Amino acid sequence: MRQQVKIMHVPIDQVTLETAFYAFQRFMDGTSCRMIVTPNTEIVMEAQKDPDLLEIMKEADLVIPDGIGLIYASKIQGTGLRERVTGVDLMYRILEYCHENHKKIYLLGGKPGVAALAGQNIRNKFPHIAVAGTQDGYFQREEEGRIVEEINRSGAEILFVALGAPKQEKWIHRHKTLLQVKVAMGVGGSIDIWAGTAKRAPVIYQKLGLEWFYRLMKEPWRYKRMMALPKFMVKVLLGKK
Ligand code: UDP
């Protein structure tokens, strides 16, 4: 049975990395395309003013808590999110599975060349994975039909989409019924980490729940978007009162 916690109307699955991975494995036994989303506080805040995004989160098949703010909020609300489960970690676990089971994947998104580079690095690390295709994330709306066809023709079972949030969630949702992959997952900046064009925060920042701070130092122009975190915490605290 699926157990979810609501944070500002957004249902988040009460999972650990392992139970999220079990859910993924169940999706692989299915026949239709399932959608995995990895919201952080920015996306939960975005969903407050974007009803389409909120609906997409409600319809997603697995919603993992990829933000330390969501864990704090859950603690303040007295609901049961235990730990942060990052998209980067779940993607890694899924790639291990793909290697063990000789699966085909497709990488969509990132600047030109980034998905191909990420694909090469994934293959070097996991040689039994077949990277069935890659496509950069800067295409026109008219090209989307062709891209969906190409993904289907490639025979990939797992699709990783890195168009930034919420663009990637909307893209997957828009094409979900046509996509023949078993799982489509929004992975944001993870593709850049695999390509080597961005680095994940050192473990010490991850352990202290300060990955957001590391990102702010590396990409200071994101500060406007990141103001969502303090705003979110204030909202949670006021909601509690
Ligand atoms: N991206 C893309 N197409 C777009 C916008 C973004 O392919 O139209 C890619 C971008 O190059 C990067 C990834 O999406 O590789 C994540 O972008 P961002 O860091 O803005 O998103 P977040 O990690 O905050 O979801």
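The values are calculated or read from the model by the stated rules, or taken from the named source; none is laboratory data. Only a predicted model underlies this, so the values are computations on that prediction, with no experimental measurement involved. Reconstructed Cβ throughout: ideal geometry from the backbone, glycine too, with neighbour counts over all protein chains shown.
Mind counting the residues in segment 90-137 that are of a type in the set (D, E, K, R) and either surrounded by 22 or more Cβ atoms within 10 Å (Cβ to Cβ) or assigned to a loop (DSSP other than H, G, I, E, B) (or both)?
Total satisfying the criteria: 3.
Within the bounds of segment 16-31, is there any residue that is out of contact with any His (no Cβ under 7 Å at 6 or more places or on another chain), closer than 25 Å to Glu96 by Cα, charged (D, E, K, R) and part of a helix (DSSP H, G or I)?
Taking segment 16-31 and keeping what is out of contact with any His (no Cβ under 7 Å at 6 or more places or on another chain), we get 16-31.
Still in the list and also closer than 25 Å to Glu96 by Cα: 16-31.
If we keep only those that are charged (D, E, K, R) as well, we get 18, 26, 29.
Of the ones still in play, those that are also part of a helix (DSSP H, G or I) are 18, 26.
Yes, because at least one residue in segment 16-31 is out of contact with any His (no Cβ under 7 Å at 6 or more places or on another chain), closer than 25 Å to Glu96 by Cα, charged (D, E, K, R) and part of a helix (DSSP H, G or I).
For Ala156, indicate whether it is surrounded by 19 or more Cβ atoms within 10 Å (Cβ to Cβ), more than 16 Å from the ligand (Cβ to nearest atom), modelled with pLDDT of 95 or more and not basic (Lys, Arg).
So Ala156 fits the description; yes.
Here is a list of conditions, (1) among the aromatic types (Phe, Trp, Tyr); (2) farther than 24 Å from Lys199 by Cβ; (3) free of Cβ contacts under 8 Å to residues at least 12 places away in the same chain, and Tyr92 meets all of them except one; can you say which number that is?
All conditions pass for Tyr92, except number (2).
Matching residues to (1) closer than 24 Å to Gly113 by Cβ; (2) of a type in the set (S, T, N, Q); (3) surrounded by fewer than 16 Cβ atoms within 10 Å (Cβ to Cβ); (4) within 11 Å of the ligand (Cβ to nearest atom):
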position: Phe139; (1), (2), (3), (4): yes, no, yes, yes
position: Glu144; (1), (2), (3), (4): yes, no, yes, no
position: Ala162; (1), (2), (3), (4): yes, no, no, yes
position: Val183; (1), (2), (3), (4): no, no, no, no
position: Gly189; (1), (2), (3), (4): yes, no, no, yes
position: Val203; (1), (2), (3), (4): no, no, yes, no
position: Arg215; (1), (2), (3), (4): yes, no, no, yes
position: Trp221; (1), (2), (3), (4): yes, no, yes, yes
